[in-house]
Amino acid sequence: MLDSIVAAETPEGIMLELHPAGLSARFCAFLIDWLIRLAVLYAAAFVAGLLGGIGIAFWLVLLFVLEWFYPVAFELGRGGATPGKRAMGLKVVMDNGLPVTPGASMTRNLLRVADFLPLGYGFAVISMLIRADGKRLGDIAAATLVVHQRRPAAKATLDMVTPLAPVHPLPARDQGAVIALAARAPTLTMERLNELAAIAAPIQGTEPRPEAEVTRRVLGVAQWLLGRRP
């Protein structure tokens, strides 16, 4: 992911931080989509050859539809991304971070003709390299942006936690706090869980340990307090 960040403001006045996709990620996404279209056209050509003239006409129509409407159909879907972009963790949004509109999607894809010039998407490559937001000509005209999708942070799980007896008896209040932490664990990121578990670290001993080990032992104490025994 690029280090550059584009700030966008929604109509509601909410500020968003968007991470533009760079040339390498977009090229890989394009290559995946191109291979998908090629596979579909190859299979359709085999069928079309069996149908004669009608089959060839159908294949030409399919070629036109895939070339011009394949990206539009997926960009207007829920994910805002073609299969290639989804595989690379990318999506198309408006400059303000909102989902891409039909008009904008049509514009950015129709202008691929200009981006292709003078050869092999030369103008598109130049535009993406000189702009901090990585826009090609179609994106500039349509006011769209290809960005990295935020991946959900890893959540904690109690499945592999072994019950562990506390090193000393705990007051009822402390027991309730530890059990409450364990109940919230699946809704927290590992970073936040480690931070909270460090506060309760004395219940599992005073020996210095890596924070992940401290977290596992604190959750193990919670399991023990709930009556689960190894």
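Read the figures in this text as sums done on the coordinates, not as results from a lab. Small disclaimer: the values here were computed from a predicted structure and weren't measured. We place every Cβ from the backbone using ideal geometry, glycine too, and count neighbours over all the protein chains shown.
Some observations on this one:
- Debye log10 I(q)/I(0) for the chain, one point scatterer per Cα, at q = 0.08, 0.10, 0.15 Å⁻¹: -0.52, -0.67, -0.93
- Simple point charges give the picture: +1 on the Cβ of Lys and Arg, -1 on the Cβ of Asp and Glu, and for the chain a dipole about the Cα centre of about 520 debye.
- The C-alpha atoms of the chain define a longest principal axis, and helix 211-225 lies at about 60 degrees to it.
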